[in-house]
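Below is one structure, written out as structure tokens, with a few remarks after it.
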Amino acid sequence: MGAVLENIEKQHHNDPNVQLMLRFQGGEEGAFRKLFEEYRGPLLNFIYRYCQDRRIAEELTQEVFLRVYKSSGSYRPEAMFSTWIYRIATNICLNELRTGRYKYEIEFKGPDEHDDSMQYDPVDERTKVKTDEQMAAAEQQRQVQGALEKLPKKQRLALILSIYDQLSYREIGQRLGCSEAAVKSIIHRSKLALRDILKKGGLVN
Amino acid sequence: MKISCMKYEHDLVAYVDGELPADRVARVERHVQACSSCSAVVAGLRQVNALPQPPLIEPSAEFDRMFWTKLAHVRQAQQEHRGLERWRSVAKAFFTRPAGLSLSAGLALGVFVVTLYLLRPPHAALPQQEVMVAADLDLYANLDVIENSEALEHFELIQMLDELEQDEQG
Ligand SMILES: [Zn+2]
């Protein structure tokens with residue numbers, strides 16, 4: 001049993017980010033800074049797609065890194081670093097938003113109060129002109145986000161990882177902490193549900 | 001979707017995602033060609049799969065500064081906690097090790113006996129009454145000599161640390 005565990009840990013030792021985490025565990029604070037710089041953008045976007053509030057997404061992303069920092073003493077490389085850190089982020093999304101101080105804002109935010117960053121587009125910033133096509137795309141994006149928010153939390157997270165990040169069932173399962181078969185079932189249901197919602201809005205067949 | 005089509009639901013998603021076992025593909029295709037509602041589901045699911053990525057956002061200008069400030073607080077709390085832990089382990093080690101325990105118990109008993117001796121009425125044998133009163137804890141604590149003894153201070157420190165520990169757990 002011990003040998004099996006050791007082998008699993010050895011597999012992940014080749015992951016350069018696991019190496020950085022181990023160096024941080026050994027007292028090298030610069031290694032933590034590197035991990036922070038590499039993952040803050042992807043994690044922020046992952047959480048933002050889930051909660052649709054820029055300020056909350058930033059706070060929760062910071063919370064992920066605080067937990068990484070605090071857990072350095074007990075860290076063991078039992079998975080790829082990205083799997084591990086996304087799992088922390090997933091737990092925060094599922095738990096903090098349910099019980100935490102963010103609950104009120106998320107649940108009572110009206111459908112039209114999404115912040116502008118959704119429609120942010122660097123091209124628009126330069127020209128200050130939106131073509132019809134861009135406006136339509138932005139409107140579609142807004143409706144899709146609204147539809148995603150109607151899905152149960154776990155379905156929403158799984159679907160984001162599937163259709164936006166193109167992850168496999170196995171990878172999604174590792175991040176969400178459930179089996180491949182469970183993920184498959186969740187994704188199937190969430191795609192059917194999303195299609196139903198978007199169909200009512202006239203967005204898809 | 002018709003009730004009779006429900007049994008196809010998951011197969012339709014698997015079909016669109018290309019993960020349906022070959023032996024079931026023909027059956028699903030036959031049904032979809034004949035059923036307008038299921039063919040609409042297939043078309044809708046293809047559109048869901050093709051949804052464009054939402055634009056990426058960048059961390060705000062404040063993001064890094066706010067994070068490192070929060071982290072500094074965590075670090076400070078960790079250091080304070082470690083300091084307390086060190087005290088706790090030193091004190092615990094002293095009082096739980098047999099040598100430390102018997103040493104302090106012996107010390108306390110010694111101080112107690114000496115105090116009784118010093119406070120005895122002149123030329124009288126130790127009266128029964130005083131022994132009983134001295135056994136009363138309130139008076140025991142009021143005796144300056146004992147209150148100031150190092151052993152009692154340590155005893156209080158341990159009590160304090162234990163209360164802190166209970167607070168943290170509670
Ligand atoms: Zn049908």
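The values are calculated or read from the model by the stated rules, or taken from the named source; none is laboratory data. None of the values given here were measured: they were computed from a predicted structure. Backbone-built Cβ (ideal geometry, glycine too); neighbour counts: all protein chains shown. Side chains are part of the model used for accessible areas, which takes the heavy atoms of the whole protein and leaves out ligands, DNA and RNA. Shrake-Rupley method; radii C 1.70, N 1.55, O 1.52, S 1.80 Å.
Some observations on this one:
- Here the range A:20-78 and the range B:3-22 have alpha carbon centers that stand 39 Å from each other.
- Buried accessible area, chains A and B (both chains, 1.4 Å probe, Å² to nearest 100): 3700
- Cα shape, the range B:1-90, gyration tensor, a/c 1.5 rule: prolate
- 1.4 Å probe, heavy atoms, protein only - residues of the range A:10-43 losing at least 50 Å² accessible area vs chain alone: A:Phe36, A:Arg40
- Dipole in debye (nearest 20) - the range A:15-100, about Cα centre, beta carbon charges: Lys, Arg +1; Asp, Glu -1: 100
- Per residue, the range A:132-205 exposes an accessible area of 46 Å² to a 1.4 Å probe, with every protein chain left in place.
- Loop-located GluC sites (Glu not before Pro) across the range B:13-70 with a Cβ neighbour count of 16 or fewer within 10 Å are B:Glu19, B:Glu62, with loop assigned by DSSP.
- Shape call, the range B:3-50: gyration tensor on alpha carbons, a/c limit 1.5: oblate
- Across the range A:197-203, computed HN-Hα scalar couplings (Karplus, 6.51 cos²θ - 1.76 cosθ + 1.60, θ = phi - 60°) run 5, 5, 5, 4, x, x, 8 Hz from first to last residue, x flagging Gly and Pro.
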